[in-house]
Amino acid sequence: MESPKVTVRSGADGEAVVVCTGEFDLDTAGRLEQACRTEAAEAKLVVLDVAGVAFADSAFLNVLLRLHNSRPMALAGPLPSQLRRLLEMTGALALFEVRDDTAAG
């Protein structure tokens, strides 16, 4: 398993860019939620860079949906094929603004 990593940096116009890399499952998806609720708590918009996500399961999807319901957010990619498939199969892809890159930060 590729160890997950979540880092947060300031973006333009009060955005927080949250970069996720590695594999996220039930044991590790909470790292993303914790970073968004602490380090990115004051951001006007959270841009979640998921281009480096090697694996994401339903626990990661659950975190994405909870975050989406609690604050303005966008996904930045390109979306990895496995994550895109998960979002498409569950109908969740339509809920998110998807950006091609994180060049704005």
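Before moving on, here are some points about what is shown:
- Relative contact order (%) - the chain, alpha-carbon pairs under 8 angstrom, separation at least six: 27 percent
- For Arg99, the residues 5 or more places off, or on other chains, whose built amide H falls under 5 Å of its own are Leu75, Ala76, Gly77.
- Using the Cβ-Cβ distance between Asp13 and Asn69 with R0 = 25 Å, the FRET efficiency computed as 1/(1 + (r/R0)^6) comes to roughly 0.65.
- 222 nm mean residue ellipticity, helices alone, for the chain (DSSP H n ≥ 4; -39,500 (n - 2.57); rounded to 500): -9000 deg cm²/dmol
- A convex hull fitted to the Cα coordinates of segment 1-57 yields 67 cubic angstrom per residue.
- Value of D in µm² per second that Stokes-Einstein yields for the chain, Kirkwood Rh from Cα pairs, at 4 °C (1.567 mPa s): 97 µm²/s
- Estimated inter-spin distance, Arg31 and Leu95, nm [label 7 Å along Cα→Cβ]: 2.3 nm
- Remark: segment 7-105 carries 50 Å² of accessible area per residue (probe radius 1.4 Å; ligands, DNA and RNA excluded).
- GluC sites (Glu not before Pro) lying in DSSP loop within segment 18-98, provided at most 14 other Cβ fall within 10 Å: Glu42
- Whole-percent carbon and sulfur share, accessible surface of the chain, 1.4 Å: 49 percent
The values are calculated or read from the model by the stated rules, or taken from the named source; none is laboratory data. Since we're looking at a predicted model, the values are computed, not measured. Note: ideal-geometry Cβ built from the backbone for every residue, glycine included; neighbour counts use all protein chains shown. Heavy atoms of the whole protein, side chains included, go into the accessibility calculation; ligands, DNA and RNA do not. Shrake-Rupley method; radii C 1.70, N 1.55, O 1.52, S 1.80 Å.
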